[in-house]
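So the structure is just underneath, and the comments pick up after that.
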Amino acid sequence: MHIIQILWDRRDFFLTCLLEHIRISLTAAVCAGVIGILTGILISRHKRAAGIVLGIINVVYTIPSISLLGLLIPLTGIGDKTAVIALTVYGLLPIVRNTYTGLTNVDASILEVSEGLGTNQRQIMTRIRIPMALPVIISGFRNMVVMIIAMSGIASFIGAGGLGAAIYRGITTYNMTLTAAGSILIAVFALLSDWMLSKAERMVNRRYGIE
Amino acid sequence: MSKVIEIQGCTAVYGRNEVLSRVSLTVEKGEFLVIIGPSGCGKTTLLKMVNGLMTPAEGEVLVNGERLLECDLTMLRRRIGYAVQGAKLFPHMTVMENICYVPGLSRKMTKGEKEALTCKMLEMVELSPDLASRFPRQLSGGQQQRVGIARAIASEPDILLMDEPFGAVDEITRKALQEELSALWQKTGITVLFITHDIGEAFKLGSRIVVMKDGVIWQEGTQEELMSAPRDEFVKRLISK
Ligand SMILES: Nc1ncnc2c1ncn2[C@@H]1O[C@H](COP(=O)(O)OP(=O)(O)O)[C@@H](O)[C@H]1O
Ligand SMILES: [Mg+2]
C-alpha cells in the first residue's frame with residue numbers, strides 16, 4: 001500500500017528515474033549488442049583468438065560489479081558514462097558467447113553443401129551462419145538485456161541516474177518504502193523487456209523455421 | 001564427344017591416410033556415369049574432387065577443359081549441380097529460397113523471377129507448387145530430396161554431381177525418384193556423375209558404371225560388359241546382389 005502511495009506521490013521523480021534507467025540500459029544494451037556480435041563474428045573465424053577473447057571476457061565477468069565501477073572511476077570519472085561502460089562490459093559475455101556458439105555450431109554438412117553450391121566466404125557468413133545462429137544470438141541478447149537492466153540499479157552508487165537513485169536514496173534516508181518501490185520498478189521493467197524480447201525471439205524463430 | 005570431366009592420376013589423402021590412389025576417370029558430355037562400391041572406398045572423395053571440395057594431393061582435375069587449380073572455384077561450383085544424401089536443405093530457408101539459392105548467389109532476383117523459377121523447378125521434380133512457402137522440416141524425406149535436386153539444377157548446370165541422393169528415402173519413393181531423374185537426364189542432356197552403393201540403382205540409371213574398391217577404380221563398363229566379363233569375385237558378388 002505504502003509503495004503504491006509513494007509511487008503516486010512522487011511520480012515525477014520515479015518517472016525521471018525510470019526514463020534515465022531506460023536510457024542507460026538501452027545505450028549499454030545496444031553497445032554490448034553491436035560490439036558483442038561483431039566480436040563473435042570475428043572470433044568465429046579464428047579458433048585460437050576465440051579461446052583468448054572468451055577467456056578474457058570470462059575473467060572480467062567474475063569481477064564484482066561494484067568493484068568494476070570503482071576501478072573505472074579514475075579512468076572515466078563518475079556518472080552515466082562510466083555506468084554505461086561497465087554495463088556494456090558485463091553485457092558482452094552472454095552476447096559474444098552466444099554469437100560464437102551459434103556461428104560455430106552450424107552443421108558441418110550444411111556448410112559443405114553450401115560451399116559446394118558456390119557460396120563464397122562472405123555469403124557463407126551472411127546467408128548461412130548468421131541466419132542459422134540468429135535464434136541463439138537473440139536468446140543471448142535477451143539474457144543480456146535483463147541482466148543489464150537489473151545491474152543498472154547499482155549505477156547510482158557512482159552518481160549515475162536511474163531507478164538505482166531511488167533505491168540509494170531510500171537506503172541513505174532509512175526510507176524502506178522508497179527502496180522497495182525503486183526495486184519493484186526495476187523488476188517490472190526487466191520482466192516487461194524480457195517478455196517483449198521473448199515475443200521478438202518467437203517471431204524470429206518462426207521465420208527461421210524453428211519450433 | 002567432348003570430355004566434360006577429366007580426373008588425371010589423382011591421389012587423395014586425409015592426414016596420412018591415402019583414400020584414393022592415382023585414380024583416372026573421364027566423363028563424356030551427356031553421360032550418366034554411376035560410381036558404385038562399398039562404403040568407405042572413396043566414392044564421395046572422388047566426387048568432391050570434381051567441384052573442388054577436395055583437392056588432390058597428386059594429379060589433376062579438369063572440368064570443361066579448365067584446370068581446377070587455376071580457375072575460380074566458387075564461380076565453377078555455381079555451374080555444377082550438387083545434390084547429397086539427406087538433401088541437406090538449408091533449414092532456415094523456405095522451399096522457394098532453397099530452390100533459388102544458387103542463381104541468387106550471383107545476382108539479385110526479383111520476387112516474380114523467384115516465383116517463376118520455383119514453379120518451374122517444382123513441376124520438374126513433380127512437387128506441388130503449394131510447397132514453395134514451406135520450410136524443409138515440414139516436408140517428407142522424399143519431398144526434401146526432390147527439393148534438393150531442384151536446388152541442384154535450378155541454375156541449369158551442365159554437370160550434376162549426386163552423392164547417394166536417394167540413400168535416405170523409402171523404396172517406393174526411391175523408385176519414383178530414379179524414374180524422374182532418368183527422364184530429366186534424357187530431356188536435358190545434362191552430364192551426371194552419380195554415386196550409389198545399390199547395384200540395382202546403378203544398372204537402372206547408369207549409361208556407364210564405374211566400380212570402385214579401396215581407393216582405386218576396379219572396373220568400368222556398361223551393365224552388359226560388367227555382367228558378361230566381371231573382373232573377379234568382388235565384381236561378381238557386387239553385381240549379383
Ligand atoms: N573428413 C575426413 N577425415 C578423415 N578421413 C575421412 C574423411 N572423410 C572420409 N574419410 C575417410 O576416407 C575414406 C573414403 O571416404 P569416402 O570417400 O567418404 O567413402 P565413400 O563415399 O565411398 O563411403 C574412408 O575411409 C573415410 O573414413
Ligand atoms: Mg560417401
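The values are calculated or read from the model by the stated rules, or taken from the named source; none is laboratory data. Bear in mind that the values here come from a model prediction, so they are computed numbers and not experimental data. Counting neighbours? That spans all protein chains shown, and the Cβs are built from the backbone with ideal geometry, glycine included. Each accessible area value is taken on the protein alone, full model and side chains, heavy atoms only, with ligands, DNA and RNA left out. Shrake-Rupley method; radii C 1.70, N 1.55, O 1.52, S 1.80 Å.
Out of all the residues in the stretch A:81-106, which are within 14 Å of another protein chain (Cβ to nearest Cβ) and surrounded by fewer than 22 Cβ atoms within 10 Å (Cβ to Cβ)?
Residues of the stretch A:81-106 within 14 Å of another protein chain (Cβ to nearest Cβ): A:102-103, A:105-106.
A:Asn105, A:Val106, listed by residue number.
Might you check whether a residue that is more than 16 Å from ligand 2 (Cβ to nearest atom) and farther than 30 Å from A:Met132 by Cα occurs anywhere in the stretch B:72-95?
So far as the stretch B:72-95 goes, no, none of its residues is more than 16 Å from ligand 2 (Cβ to nearest atom) and farther than 30 Å from A:Met132 by Cα.
Of the residues A:Ile137, A:Ile130, which is out of contact with any Leu (no Cβ under 8 Å at 6 or more places or on another chain) and within 14 Å of chain B (Cβ to nearest Cβ)? I'd like the intermediate steps shown before the answer.
On the way: A:Ile130 fails: out of contact with any Leu (no Cβ under 8 Å at 6 or more places or on another chain).
Criteria check complete, one pass: A:Ile137.
So for the stretch B:81-90 (the condition being under 18 Å from the mean Cα position of the chain (by Cα), at pLDDT 95 or above, closer than 14 Å to B:Ile153 by Cα and among the basic types (Lys, Arg)), does at least one residue qualify?
no
Which residue out of B:Pro157, B:Pro136, B:Pro129, B:Pro165 is open to solvent by 30 Å² or more (accessible area, probe 1.4 Å) and not aliphatic (A, V, I, L, M)? Working first, answer last.
Working: B:Pro157 fails: open to solvent by 30 Å² or more (accessible area, probe 1.4 Å); B:Pro136 fails: open to solvent by 30 Å² or more (accessible area, probe 1.4 Å); B:Pro165 fails: open to solvent by 30 Å² or more (accessible area, probe 1.4 Å).
Going through B:Pro157, B:Pro136, B:Pro129, B:Pro165 in turn, just one is open to solvent by 30 Å² or more (accessible area, probe 1.4 Å) and not aliphatic (A, V, I, L, M): B:Pro129.
If B:Ile217 passes every condition in (1) within 16 Å of ligand 1 (Cβ to nearest atom); (2) part of a helix (DSSP H, G or I); (3) open to solvent by 30 Å² or more (accessible area, probe 1.4 Å) but one, which one does it miss?
Every listed condition holds for B:Ile217 apart from (2).
Quick check on my filter: what residues within the stretch B:167-181 are under 30 Å from B:Ser106 (Cβ atoms) and free of Cβ contacts under 8 Å to residues at least 40 places away in the same chain?
Those that are under 30 Å from B:Ser106 (Cβ atoms) and free of Cβ contacts under 8 Å to residues at least 40 places away in the same chain: B:Leu177, B:Leu181.
With respect to B:Gln178, is the statement that it is open to solvent by 60 Å² or more (accessible area, probe 1.4 Å) and closer than 30 Å to B:Leu226 by Cα true?
For B:Gln178, the condition - open to solvent by 60 Å² or more (accessible area, probe 1.4 Å) and closer than 30 Å to B:Leu226 by Cα - is not met.
Give B:Val61, B:Val95 a once-over and let me know the one that is surrounded by 19 or more Cβ atoms within 10 Å (Cβ to Cβ), more than 10 Å from every other protein chain (Cβ to nearest Cβ), under 19 Å from B:Ile195 (Cβ atoms) and more than 16 Å from the chain's Cα centre (by Cα).
Answer to the check: B:Val61.
Only one of A:Ser183, A:Ser109, A:Ser198 is buried (at least 16 other Cβ atoms within 10 Å of the Cβ) and either assigned to a helix (DSSP H, G or I) or not basic (Lys, Arg) (or both); which?
Working: A:Ser109 fails: buried (at least 16 other Cβ atoms within 10 Å of the Cβ); A:Ser198 fails: buried (at least 16 other Cβ atoms within 10 Å of the Cβ).
A:Ser183 is the lone residue from the list that is buried (at least 16 other Cβ atoms within 10 Å of the Cβ) and either assigned to a helix (DSSP H, G or I) or not basic (Lys, Arg) (or both).
I'd like the residue in the stretch B:25-45 that is assigned to a strand (DSSP E or B) and within 14 Å of ligand 2 (Cβ to nearest atom) and, out of all such residues, is farthest from the other protein chains (Cβ to nearest Cβ). Before you say what the answer is, go through the steps one by one.
Of all residues in the stretch B:25-45, those assigned to a strand (DSSP E or B) come to B:25-28, B:32-36.
From what is left, the residues that are within 14 Å of ligand 2 (Cβ to nearest atom) are B:34-36.
On the way: B:Val34: 19, B:Ile35: 17, B:Ile36: 21 Å.
So, considering only residues that are assigned to a strand (DSSP E or B) and within 14 Å of ligand 2 (Cβ to nearest atom), the one farthest from the other protein chains (Cβ to nearest Cβ) is B:Ile36.
Limited to the stretch B:64-91, what total is found for residues that are more than 14 Å from ligand 1 (Cβ to nearest atom) and either within 10 Å of chain A (Cβ to nearest Cβ) or assigned to a helix (DSSP H, G or I) (or both)?
Residues in the stretch B:64-91 being more than 14 Å from ligand 1 (Cβ to nearest atom) and either within 10 Å of chain A (Cβ to nearest Cβ) or assigned to a helix (DSSP H, G or I) (or both): 17 in total.
Identify, from the list B:Thr196, B:Thr191, the residue that is open to solvent by less than 30 Å² (accessible area, probe 1.4 Å) and within 17 Å of B:Val4 (Cβ to Cβ). Break it down into steps so the answer makes sense when it comes.
Details: B:Thr196 fails: within 17 Å of B:Val4 (Cβ to Cβ).
Only one candidate passes the filter, namely B:Thr191.
Okay, residues lined up against (1) of a type in the set (Lys, Arg); (2) within 14 Å of chain A (Cβ to nearest Cβ); (3) not in a helix (DSSP H, G or I):
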site	(1), (2), (3)
B:Gln144	no, yes, no
B:Ala150	no, yes, no
B:Pro157	no, yes, yes
B:Val169	no, no, yes
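Taking the criterion of being away from ligand 1 (no atom under 16 Å from the Cβ) and open to solvent by less than 20 Å² (accessible area, probe 1.4 Å), would at least one residue in the stretch B:33-51 satisfy it?
No - not one qualifying residue is present in the stretch B:33-51.
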